[in-house]
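The values are calculated or read from the model by the stated rules, or taken from the named source; none is laboratory data. All values derive from a computational prediction rather than experimental measurement. Note: accessible area is taken over every heavy atom of the protein model, side chains too, but ligands, DNA and RNA are not part of it. Shrake-Rupley method; radii C 1.70, N 1.55, O 1.52, S 1.80 Å.
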Amino acid sequence: MKKISVIYWSGTGNTELMAKAVAEGAKSNETEVSLISAGNAKIEDVSGSYSVAFGCPSMGAEELDSDEMEPFIAAVEKKIKGKNIILFG
Ligand SMILES: Cc1cc2nc3c(=O)[nH]c(=O)nc-3n(C[C@H](O)[C@H](O)[C@H](O)COP(=O)(O)O)c2cc1C
C-alpha cells in the first residue's frame with residue numbers, strides 16, 4: 001500500500017473541502033490516504049509517505065498561513081526530495 005498524506009490548513013473551510021476532495025480522489029486499492037490538518041501534522045506524515053499533497057489558501061500578502069502551515073513546510077522541506085508532491089489552494 002502506498003501511503004498518501006493530504007496536509008492542509010483552512011481558516012474558513014474552503015481549503016478543507018478541497019483537501020477532502022483530494023483525499024477522496026487519491027483513494028484506491030493500492031493507497032492508504034490520511035487527511036491531516038497542519039496543526040496536527042507530524043514530520044513522519046511526510047517522511048513516511050510515498051506522496052504528499054499540501055493545501056493552503058493565500059493569506060497575508062500571497063503567503064502561507066504563518067502560524068501552522070509555513071512553519072510545518074519549513075520543517076519538512078528537506079524531507080520531500082524524490083517524493084511526488086501536490087500543491088493546492
Ligand atoms: C487574513 C486573510 C488574508 C488573505 N490574503 C489573501 C491573499 O493575499 N491573496 C488572496 O488571493 N487571497 C487572500 N485571502 C483570501 C483567502 O485565501 C480565501 O478566502 C480562501 O478561500 C480562504 O480559504 P479557507 O476557507 O480554507 O481559509 C485572505 C483571506 C484572509 C482572511
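The helix-based estimate of mean residue ellipticity at 222 nm for the chain, built from -39,500 (n - 2.57) per DSSP H run of four or more residues and divided by its residue count, is -8000 deg cm²/dmol to the nearest 500. With the convex hull drawn over the C-alpha atoms of the stretch 9-48, the volume per residue is 59 Å³.
The distance linking the stretch 1-51 with the stretch 68-89 is 12 Å (Cα centroid to Cα centroid, whole angstrom). Taking amide hydrogens as placed 1.01 Å from N in the peptide plane, the amide H of Thr31 sits under 5 Å from those of Lys2, each at least 5 positions away in sequence or on another chain.
In order along the stretch 43-58, phi translates into HN-Hα couplings of 4, 5, 5, 8, 5, x, 10, 6, 9, 9, 10, 10, x, 7, x, 5 Hz, rounded to whole numbers, per the Karplus curve 6.51 cos²θ - 1.76 cosθ + 1.60 with θ = phi - 60° and x for Gly and Pro.
Solvent-accessible area assigned to carbon and sulfur over the chain amounts to 49 percent, based on a 1.4 Å probe. Per residue, the chain exposes an accessible area of 62 Å² to a 1.4 Å probe, with every protein chain left in place.
Its relative contact order, with pairs defined as Cα atoms under 8 Å and 6+ residues apart, puts the stretch 36-89 at 51 percent.
With angles folded into 0 to 90 degrees, how steeply does helix 14-26 sit against the dominant principal axis of the chain? Use alpha carbons for both and round to 10. Rounded to the nearest ten degrees, it is 10.
Size of the chain from its Cα atoms: along the principal axes, largest to smallest, the extents are 39, 27, 19 Å.
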